[in-house]
Structure formats: structure tokens, C-alpha cells
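Let me begin by presenting the structure, written as C-alpha cells, before commenting on it.
The values are calculated or read from the model by the stated rules, or taken from the named source; none is laboratory data. Given the structure is predicted, the values throughout are model-derived calculations rather than measurements. FYI the Cβ positions are ideal-geometry reconstructions off the backbone, even for glycines, and counts take in every protein chain you see. Please note that ligands, DNA and RNA were not included when accessible areas were found on the heavy atoms of the full protein model with its side chains. Shrake-Rupley method; radii C 1.70, N 1.55, O 1.52, S 1.80 Å.
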Amino acid sequence: MKIHEYQAKELFRKHSIPVPEGYIATSPDEAFALAEKLGRFPVVIKAQVHAGGRGKGGGVKLARSLEEVRSVAAAILGRPLVTPQTGPEGKKVRKLLVEQGLDIRQELYLSIIPDRSTAKIMIIASRAGGMDIEEVAAITPEKIIKVLINPLTGIEPGHCREIAAGLNLIDSLVEKSSTLIKNLYKLFIETDCSLLEINPLVITAQGDLIALDAKIDIDDNALFRQKDILKYRDTDEEDPLELEASKYNLNYINLDGNVGNMVNGAGLAMATMDLIKSAGASPANFLDVGGGANAEMVENGFRIILSDSNVKVILINIFGGILRCDVLAEGVVQAARKTGINVPVVIRLQGTNVEKGREILAASGLNLITAEDLNDAAGKIAEIIGK
Ligand code: GDP
Ligand code: MN
């Protein structure tokens, strides 16, 4: 689960990690009042959306007067913000972080992630922080330091010294950075983060180390024990179809192709997406209805696929194991009756109760295209898409 910058900074404050003073505004007038409360300039206005690269997209602006705060806020609020990470349609800005501007001497980079290959926690740091960190990593990887921490023994003073040395910090900052890194590590572990990133972590003219930006992702599998964090969920930021699917415990991911597909089992779903690609088409979604799906889940899945206006054809690929073919067929027929099918549906069924499933589909009077096997299904999809 992603959370907003202002929420991540709230967690930072709770863990004694220095952040600039700032407040949330939802209107230009409110931004004006909050800037007045901050009491000095510049004030930074930051769009709160679940995407990075806001600086490059015009979502982070400095304002030097109260009137400018109001006009900058009015220009950003309520409109889609397009950044290198949002796609061309952008993300609508509903909230602004109105923050005290800092006098920046240097922008550093610091992040924490689980490293799967070593099963350790990795801290990544760089002296070359700021908006072009991706380029730094690609062109001058030697400017990136990586330190691995065994999660069983935790963070030790040596790890912090290694990072401070790698960042080439002056003596007066070494102690401050060690405290900051220890606190960040603690926050990372306690809140089950899958990513914690500060870019930039700044050294100010006053010689302080402050998290100017904050990005935190929480491991979805740990949300059951992170009730406080769950309150940070912002469904406005989620894909509407994925949000709908999550209500029915469907494993659905919206993609940008035009072949909708419904499959049981994640492995078969991945293989089906490959099949669609090899047929020269492109999947509109990933949907694993799961082994234990009932007719209602199938119906909901089918309805969600049908409500995606990009979908030009649907491929149903089911291997009846625990999910029996007749149950699947009933779900499809129910959904089709309720929603009406306006696109061709190619269906490949095999496994438990396959005959019964086919009978249900045949008796339904629906116009379904039956495929004998996977190759046949791919051929039929290619033919329909090619028309
Ligand atoms: P991102 O582009 O979405 O990662 O947003 P950031 O919060 O990282 O802001 C982008 C850039 O805006 C930073 O790298 C800074 O250069 C600049 N910026 C943000 N806050 C301040 C500030 O208080 N003072 C100054 N001078 N620059 C700032
Ligand atoms: Mn940033």
C-alpha cells in the first residue's frame, strides 16, 4: 500500500526523524492561512499524489508571498498532475502540503528496502541526491552506496559509520546521521515497510539534516497488523476497477491492452497473458479468480472485465480443479444475463465437470466461442482482434 508524503512525514515525526514544518490544505484559502501560520518565506507547495517526479511535473513550487501561495495552490489543486511516473492522463491533486521552505546546501539520497537475493535489509545512500537519482544510478553507479543489514541482529553502529563515510559527511553531521538512520531503520521494521525513501535528504545552511521528501510503501501482507497505517489508505488514488475487485477478494490488476481475461490460478493467468501476447494482442487485465471461487466471484470478475471500455474480446481460460467447470459456467451465465455481453467471448474449459459446464453454457443461448485448447484459443483471439 502506498501512502502520501505528508502521512510518511507524520510517521517520521513520531520516530524523531527531522522534517520541515508543514500542514495539509485542500483549498487555496486554506493554503493562504497555513502559509500565514508558518510565518516566513519561501513556502513550498507540494501536490500530494501517489506518484514521484512531482518536481519535474510542476507539482512542487516555491512561493514568496501569501498571494503567490494562493495563486500557486489554485493552479495545482483540482487538476491532474502529469509526472514521469503518472502516465499521460496524470493524477488529480486533491491535497497540498504547505511547508516551510529550507535553505538547502546539499541534496542527499537515502532509502531502505528488503533485498530478496540476500534476504537482508538494504540501505542505499548517495551524495548525488535530488531529482535525477535514477540517472545517477544508471550512469555513475559508483556514486551509490549499499549496506546490508541482517534483520535478525538489526542495525549496528558500524553500519551507520559506513554510510556516513560513504556520504563523505563532515564530523558535525556524523552523529546526527547515525541517529537518523537508526530511527529510520526502526520505523521501517515496526511498520512493515516494503520501501522507505528520502530524496532529497538535505543538509541545510544551518547544518541540519532534514528529510525534505518522504516516500513509504507498506507490505500489503502485513496490513492486518498495521491498523494505524491502514487509516492512511486513500482509495481516491487507487484504480477504480482494482478497488472494486478488492471488495470481492479478486486478484485483479488493470492493464492497458484490449483482451480481457479470466483465469483460475496465478501461474495459468501469467501463461494466458503470454499466450495473448504471442497471438499478437495485449492483455487488458490480470485476473486470477482463485481455486476456491464461487459463482458469485466469477460473476463479479466478469462484470469488472466488462466494465473496462478498452476490452474488445474476453478470453476465459479455466482448468477445473477445485473450481469446477460447472460453477464457472454458472457464474459466467449469471454475469452475462445481468450485465449483457457486448464483446465476443472465447472460452476454453478443461477439467472437473467440464461436460456439465459446457452444457450450461450451450443451454444459456449466449453467443460464446468455444476453443478446443490453448492454441485454438490464441488463434481465435488473433482472428477477432485482427478484424
Ligand atoms: P518529487 O519530485 O516528487 O520527488 O518531490 P520532492 O519533494 O523531492 O521535491 C522536488 C525538488 O524540489 C527537490 O529536489 C528540491 O530541489 C525542491 N524543493 C523542495 N522543497 C524545497 C525547499 O524547501 N527549498 C528549496 N530550495 N527547494 C525545495
Ligand atoms: Mn523526491
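So the values come out like this:
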| read-out | value |
| --- | --- |
| Reciprocal of mean inverse Cα separation for the chain (Kirkwood radius, Å) | 23.9 Å |
| Order of exposure, largest accessible area first, which applies to Glu107, Glu299 with probe 1.4 Å | Glu107, Glu299 |
| For region 221-234, 3J(HN,Hα) per residue [Karplus equation, 6.51 cos²θ - 1.76 cosθ + 1.60, θ = phi - 60°, Hz, x = Gly/Pro] | 5, 9, 5, 4, 10, 10, 4, 5, 6, 4, 5, 7, 4, 10 |
| Calculated [θ] (222 nm, deg cm²/dmol) that DSSP helices of n ≥ 4 give over the chain, each run adding -39,500 (n - 2.57) | -11500 deg cm²/dmol |
| Listed residues Leu169, Leu110, Leu209, most fluctuating in the chain (Gaussian network, C-alpha, under 10 Å) | Leu169 |
| Inter-label distance, nm, simple model (7 Å from Cα along the C-beta direction), Asn249/Ser364 | 2.3 nm |
| Positive-pole candidate from Val346, Ser278, Leu368, dipole of region 239-386, charges at beta carbon | Leu368 |
| Debye equation applied to the C-alpha atoms of region 52-160, log10 I(q)/I(0) at 0.18, 0.22 Å⁻¹ | -1.02, -1.16 |
| In sequence order, calculated HN-Hα J values of region 364-380 (Karplus, 6.51, -1.76, 1.60; Hz; x Gly/Pro) | 6, x, 6, 8, 10, 9, 8, 10, 6, 8, 5, 4, 4, 4, 4, x, 5 |
| For region 2-19, 3J(HN,Hα) per residue [Karplus equation, 6.51 cos²θ - 1.76 cosθ + 1.60, θ = phi - 60°, Hz, x = Gly/Pro] | 8, 10, 6, 4, 5, 6, 4, 5, 4, 5, 4, 4, 4, 9, 6, 9, x, 9 |
| Beta bridges by DSSP in the chain, antiparallel share as percent, to the nearest 5 | 75 percent |
| Highest-MSF residue in the chain out of Ala371, Ala73, Ala63 [GNM, Cα springs under 10 Å] | Ala371 |
| Within region 172-241, GluC sites (Glu not before Pro) in DSSP loop having at most 16 other beta-carbon neighbours inside 10 Å | Glu238 |
| For Gly321, residues with placed amide H under 5 Å, excluding near neighbours | Thr352 |
